[in-house]
1. Would you confirm whether any residue within the stretch 49-72 is at pLDDT below 95, charged (D, E, K, R) and buried (at least 21 other Cβ atoms within 10 Å of the Cβ)?
2. Among the numbered conditions (1) surrounded by fewer than 21 Cβ atoms within 10 Å (Cβ to Cβ); (2) assigned to a strand (DSSP E or B), tell me where residue 142 comes up short.
3. Test of understanding: among 152, 162, which residue is basic (Lys, Arg) and within 26 Å of the chain's Cα centre (by Cα)?
4. Quick check: anything in the stretch 97-108 of a type in the set (Lys, Arg), crowded, with 17+ Cβ neighbours inside 10 Å and either closer than 25 Å to residue 47 by Cβ or within 12 Å of the ligand (Cβ to nearest atom) (or both)?
5. Which of (1) surrounded by fewer than 21 Cβ atoms within 10 Å (Cβ to Cβ); (2) more than 14 Å from the ligand (Cβ to nearest atom) is the odd one out, the single condition residue 119 does not satisfy?
6. Would you point out which residue out of 229, 297 is touching a residue at least 12 places away in the same chain (Cβ under 8 Å) and surrounded by fewer than 19 Cβ atoms within 10 Å (Cβ to Cβ)?
7. Could you pull out the residue among 66, 86, 100 that is assigned to a loop (DSSP other than H, G, I, E, B) and among the hydrophobic types (A, V, I, L, M, F, W, C)?
8. Of the residues in the stretch 163-187, how many are at positive phi and assigned to a helix (DSSP H, G or I)?
Amino acid sequence: MTAEARGDWQGWRAAAEDALYGPDGFYRRPEGPAGHFRTSVHASALFAGAVARLLCRVDEALGRPAELGFVDMAAGRGELAAGVLAALPSEVASRARGYAVEIADRPEALDHRIEWLAEPPKGITGLLFANEWLDNVPLEIAETDPEGVPRRVLVRRDGRERLGEPVSGAEADWLARWWPLPAEEGVRAEIGLPRDEAWALAVAGVERGLAVAVDYAHTVDARPPFGTLTGFREGRGTAPVPDGSCDITAHVALDACALPGGRVLTQRDALRALGITGARPPLALASTQPAAYVRALASAGEAAELTAPGGLGDFGWLLQPVGLADAPFEALLVEALLVDVPDHEEQ
Ligand SMILES: C[S@@+](CC[C@H](N)C(=O)[O-])C[C@H]1O[C@@H](n2cnc3c(N)ncnc32)[C@H](O)[C@@H]1O
């Protein structure tokens, strides 16, 4: 009998692993992530359009390879992969190969061109894109005891917590480097080591190109003192209870995940550079082309949601160039990929 089945105490990493991805886990449910919350992918097709545009820039930087890979990492129901393939110009689409990597089963109606995998593919030339994946990679939580010693937080299936053993080894090293805790009772940290490892493994599958992780993020100079662990169910925030009834998520230390050459920017800046601004159409269009005006207005509303301060616009984009000569060149490549587009090209 597993610890979970006995109702025993375990660390948050094992508890969330069972609750999200076990046989009856939250992410194996038929309704999928879109049944409980709205990611940028669900918010607007503009997002897939922008990712398709980024894929085209990667394609150019790679010299238009005969096969151009697009990996939708942690794909949910494959919505982004389908949207990106549909948005590509036909010449690029003819060379593109789409993959969706997901723990849940393949949806029946998914575009047949998309290969459905349980693990990231290897040897990819192209773009790997992970939208809201890393926040769902389970991790341990540390909390300081009355002596100021960081201890592993243990949890039961009903969500009750107590403190376990002091954090040690590689986890203690990670805390010291990325989330140093003051010796003050009750402060908490989320030990991002499994996310760094998961990201490094996914990036290792890209031979040449770019890997991008998009998520709620924080950096070492501004970690939240009590952490960010939370639950989601049917569109609402809820207590994180590891019983399979809700999502369990914690913001991502994207700066810790970054490998050499990686760079983090906001979704607002990334989408702006990919042609999405949220600017309203000129009022004059309303009288000359009313239908076009209404369409442009709706599109501006969706763009505003994707770039909103205090919302999706504040998400972090970790850009990780891979296998493209030496580090300074990689940094230049990131600049080139995200160069601002002229206004007339904007969507
Ligand atoms: C918040 S949802 C995001 C879905 C989609 N990317 C989107 O933006 O709408 C997180 C997804 O990551 C998947 N996931 C988590 N860990 C994974 C892993 N190691 N391999 C593949 N999929 C994973 C979950 O099953 C879930 O569908």
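The values are calculated or read from the model by the stated rules, or taken from the named source; none is laboratory data. Predicted model, so just to flag it, every value in this text is computed and none were measured. No Cβ is skipped: glycine too gets one built from the backbone with ideal geometry, and neighbour counts run over all protein chains shown.
1. The answer is yes; a qualifying residue exists.
2. The failed condition is (1).
3. Working: 162 fails: within 26 Å of the chain's Cα centre (by Cα).
None of the others qualify; the one that does is 152.
4. yes
5. So the condition that residue 119 fails would be (2).
6. So the residue among 229, 297 that is touching a residue at least 12 places away in the same chain (Cβ under 8 Å) and surrounded by fewer than 19 Cβ atoms within 10 Å (Cβ to Cβ) is 297.
7. Within the list 66, 86, 100, the selection yields 66.
8. So the first thing to find is which residues in the stretch 163-187 are at positive phi, and the list is 169, 186.
Then keep just the ones that are assigned to a helix (DSSP H, G or I); that gives 169.
Number of matching residues: 1.
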